[in-house]
Structure formats: structure tokens, C-alpha cells
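First the structure, in the form of C-alpha cells, and then the observations on it.
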Amino acid sequence: MQRTIEEAKLPDVSTCHLVVEDNGESVAVIPCYRFKLSLVGVSSPWIQKLVGVVQKIFPGFLVAKLFVVGSAISTYGDLLGFKEMENHEYWMTARVQAIFKEITRKARTLGINLIIVKEMEDSVKKFWSQKVNDRMFYVESLPLATLGVAPRERGGYLNSIRTRYRNKLKKRKSVSTEHGLSWKVVPNMKGQEDEVYGLYLQVLQHAEQVFEKLNKNFFVKAGEYLGKDSFYVCGYQKTGETQKLVSCEFVVREGDTLHALYSGFDYGLKRDSDMYFNTFYAIIEEAERLGCARVSLGQTCYEVKAELGCTPTRLWVGVYHRNPLMNSFLKATRHLFFPKTKFPERDVFATPPAPKKTGRKSVVAQEA
């Protein structure tokens, strides 16, 4: 994925890596990115509109050059690049502080004051914060919607959800069929990159919060470098004898987890055809087919994803400004730039039946 990002040459993004060696062995390869970003890209819509008005007069208002450590794209797993991070004896405080010092030194040589470490789950945040103490402060990022997938031998997703959600699923599938929609998993979109990118841009135009923006070349390079570890779940609408691509989801497989990273939809069809739900149903079915235990469905549209049965995984962003006064200002106003998002609660899954009593003590009870 790092190679894909580099070779795609995303707009206004340049890459470097901090390589940490010990006795000739690489023990950390930490990806770092330099790019420009509006500081209100993930803030509340009203703040974005207000700043947008000011930016028409002052284009550089609240647009900053960032030195980003971790990932330049949507998150999936730990991308900080530490080997055996749980080895706290090896990763002693002095060693991690030396790494942090090197990161700030590199930012200084590039003329960048604002450093972002993104995005960390609780365990990674705890590791990082214990080592660099109060030099960096942390804000809660948009939560990651995650879904546990029941194995097919236990009935899979369809039989693990409550009756009313099962009925909704069947109705949504029926609606999509009425609109002539069908879904297919394809290994790559070679020759169709323009169509994929066009659908992705439609999603970007309708998104309330945007951190990164891909280019068409990203989808070209992803097919080259990720190979069988990535694929697309595509929706087609049949009109007469032709099939038109109307939705696509770029998916990466990592062990027993599928990460649905980027969506593309034809918004002329999206609402009335239940396209959004059916795309995710197709991803869940593919996860079942592959024997995956978990699906990560991104950091947007939480109402829909809660309806699917997703729960939130908390993510954190580390922030450090080399100017102490600006660092204090950002820390005091962080709730404006990173508003806390409430993830809806839905009781989607049925409670598994209690084990039948056999009159014998269980193995666990006997051992106890």
C-alpha cells in the first residue's frame, strides 16, 4: 500500500521514510508525508462553510502544510511501522523520544511546524503517549465502523441478525433487483479507471468531511502493487443488452479482515435503489465466502453502518506544533477542528440461544 501511495503521486503529497536500525537490522520503517490540508477538513459542516467564505477572499486561511506520520490515506490497522511494538523493554522511552526528535528535526528542515500522527487505536496511542509525555496532545478522530462476521457454518450474517433487520435486507435486495442492479466481485478495474474515479468523485462531492483526495492513478497503481490482496465490489445496472457501472467499492484484505476503503456511487440511482446498503451486503457476503471474521467499513455514514450492525473502534490523532503558543492554541480549540462524533446504537444481532442442559457438568465447570 505504501508503494501504491508513492507511485500514485497524489496531488500536493510527497513521501519520505524514517528508517530506524539497530545493529544493522531495521526495527522500524515509519512512513511520513508532507502535504497541504485545510485544518477544518474534518470539522463540523457549519465551520467548513464559514471558513469557505473567508477562503474566497484569503485562499490560504486555515490551510497548513503538514508533516504527517503514519498514513496519508484512510486508515486500516497500524501503519506506524514499529516492529514488535509490544516489546516495551526494547522500545524504552529514550529510544522513542529519539525517534520523535528526528521526526521534528525533519519537519523543521522542510519548513513545517505542524506534525500529525494518524491514526492510532487505543493501544498504539497509549504506547506513543507514554513515551513522548505531554509534548504531543491527542484528539479523537472519526471512529472506524467495524463489523464481526459470523462463519457460514453458523448461518452467516443473514441468520445472525434479528428478524426485522433480515426483512429489511430482503426488501432492500428486492428494490435493487427492481432497478436492474446486480453485484460482482472483480480483481481489478483495468481499463475502467476513468469510470471508477468518476464515481469516487461523486462521493467526495457529497462528503461532509474530507481528509485526503485520491487521483485516478491511485486506482491504477493499486491493481499493480496490491494484486490479490485487493479487489472491487462493483454494482451494475442492466439497461437492455448493456450493463453500466453504477457503484464500486475498493477493498483490501489483511489477514482475516476486509477493509472497504473507498466508495464510488452514481448518485442519480443511490437513494431510490438502496444501492448503498446492497453494496455493503455484497461486501459482507464476500467476507463470508473468504472466511474473514471482520469487516472494516470506514469512517463515514454511521447511521447506515450502525443499521448493518457495525460498532465503533476509537481512533486517535496525535498533534504537535513546534511553536509552543500555537501548540497551546490548537490544544485549547481542538473540539472545533475535531468534533466528537456519536456513533448510533442499534441492536442488530440476535442473542445466540442458551446451551441446552444435558444433566452433566461442563468441562469448564469440572476444571473450575
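The values are calculated or read from the model by the stated rules, or taken from the named source; none is laboratory data. No experiment lies behind these values; they were computed from the predicted model shown. Here Cβ is always computed from backbone atoms with ideal geometry, including for glycine, and neighbour counts include all displayed protein chains.
So which of S14, S38 is at pLDDT below 85 and within 28 Å of F250 (Cβ to Cβ)?
Details: S14 fails: at pLDDT below 85.
S38 is the lone residue from the list that is at pLDDT below 85 and within 28 Å of F250 (Cβ to Cβ).
From the list S230, S182, S176, which one is touching an Asp or Glu at 6+ places or on another chain (Cβ under 7 Å) and at pLDDT 90 or above? Walk me through it before giving the result.
Numbers: S230 fails: touching an Asp or Glu at 6+ places or on another chain (Cβ under 7 Å); S182 fails: touching an Asp or Glu at 6+ places or on another chain (Cβ under 7 Å).
So the residue among S230, S182, S176 that is touching an Asp or Glu at 6+ places or on another chain (Cβ under 7 Å) and at pLDDT 90 or above is S176.
Listed residues G227, G268, G223; which is on the phi > 0 side of the Ramachandran plot, not in a strand (DSSP E or B) and not β-branched (V, I, T)? Break it down stepwise before answering.
Details: G268 fails: on the phi > 0 side of the Ramachandran plot; G223 fails: on the phi > 0 side of the Ramachandran plot.
Residue meeting the stated conditions: G227.
Restricting to the range 258-284, name every residue that is free of Cβ contacts under 8 Å to residues at least 40 places away in the same chain and in contact with a strand residue (DSSP E or B) (Cβ under 6 Å, 6 or more places away or on another chain).
Pass one, the range 258-284, residues free of Cβ contacts under 8 Å to residues at least 40 places away in the same chain: 258, 260, 268, 270-271, 276, 280.
Those that are free of Cβ contacts under 8 Å to residues at least 40 places away in the same chain and in contact with a strand residue (DSSP E or B) (Cβ under 6 Å, 6 or more places away or on another chain): L258, A260.
Condition check ((1) crowded, with 19+ Cβ neighbours inside 10 Å; (2) more than 20 Å from E86 (Cβ to Cβ); (3) among the acidic types (D, E)) across all residues:
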{"residue": "A98", "(1), (2), (3)": "no, no, no"}
{"residue": "V117", "(1), (2), (3)": "yes, no, no"}
{"residue": "K126", "(1), (2), (3)": "no, no, no"}
{"residue": "K131", "(1), (2), (3)": "yes, no, no"}
{"residue": "S141", "(1), (2), (3)": "yes, yes, no"}
{"residue": "A145", "(1), (2), (3)": "yes, yes, no"}
{"residue": "A150", "(1), (2), (3)": "no, yes, no"}
{"residue": "E153", "(1), (2), (3)": "no, yes, yes"}
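Yes or no: the range 198-211 includes at least one residue that is among the acidic types (D, E) and either over 16 Å from the mean Cα position of the chain (by Cα) or at pLDDT 95 or above (or both).
Looking only at the range 198-211, we keep the residues that are among the acidic types (D, E), and these are 208.
Narrowing further to those that are either over 16 Å from the mean Cα position of the chain (by Cα) or at pLDDT 95 or above (or both): none.
No; the residues of the range 198-211 include none that is among the acidic types (D, E) and either over 16 Å from the mean Cα position of the chain (by Cα) or at pLDDT 95 or above (or both).
Suppose we filter the range 233-254 for residues that are within 16 Å of the chain's Cα centre (by Cα) and not hydrophobic (A, V, I, L, M, F, W, C); how many remain?
Qualifying residue count for the region: 3.
Would you mention how many residues in the range 158-177 are hydroxyl-bearing (S, T, Y) and surrounded by fewer than 17 Cβ atoms within 10 Å (Cβ to Cβ)?
Keep residues of the range 158-177 that are hydroxyl-bearing (S, T, Y), which gives 160, 163, 165, 174, 176-177.
Keeping just the survivors that are surrounded by fewer than 17 Cβ atoms within 10 Å (Cβ to Cβ) gives 163, 174, 177.
Number of matching residues: 3.
How about the range 319-368: which of its residues are among the β-branched types (V, I, T), surrounded by 12 or more Cβ atoms within 10 Å (Cβ to Cβ) and modelled with pLDDT under 90? Before the answer, list the steps.
Applying the first criterion (among the β-branched types (V, I, T)) to the range 319-368 yields 319, 333, 341, 348, 351, 358, 363-364.
Then drop every residue that is not surrounded by 12 or more Cβ atoms within 10 Å (Cβ to Cβ), which leaves 319, 341, 348.
Residue satisfying the conditions is T341 alone.
Kindly provide the set of residues from the range 219-255 that are of a type outside the set (D, E) and exposed (fewer than 12 other Cβ atoms within 10 Å of the Cβ), ordered by number. It would help to see each step written out before you state the result.
If we filter the range 219-255 for residues that are of a type outside the set (D, E), which is where we start, we get 219-223, 225-228, 230-240, 242-248, 250-253, 255.
Listed by number, the residues that qualify are G227, K228, T239, G240, T242, G255.
So which pairs qualify, if the first residue must be in the range 225-253 and not assigned by TED's automatic domain parsing to the domain that holds Y197, the second must be modelled with pLDDT under 95 and assigned to a strand (DSSP E or B), the Cβ gap must be under 6 Å, and the two must be at least 6 apart or on different chains?
Going by the 6 Å Cβ cut-off, there are no qualifying pairs.
With the requirement that a residue be of a type in the set (A, V, I, L, M, F, W, C) and more than 15 Å from the chain's Cα centre (by Cα), what does the range 284-313 give you?
So the first thing to find is which residues in the range 284-313 are of a type in the set (A, V, I, L, M, F, W, C), and the list is 284, 287, 290, 292-293, 295, 297, 301, 304, 306, 308, 310.
Scanning the range 284-313 gives I284, A287, L290, C292, A293, V304, A306, L308.
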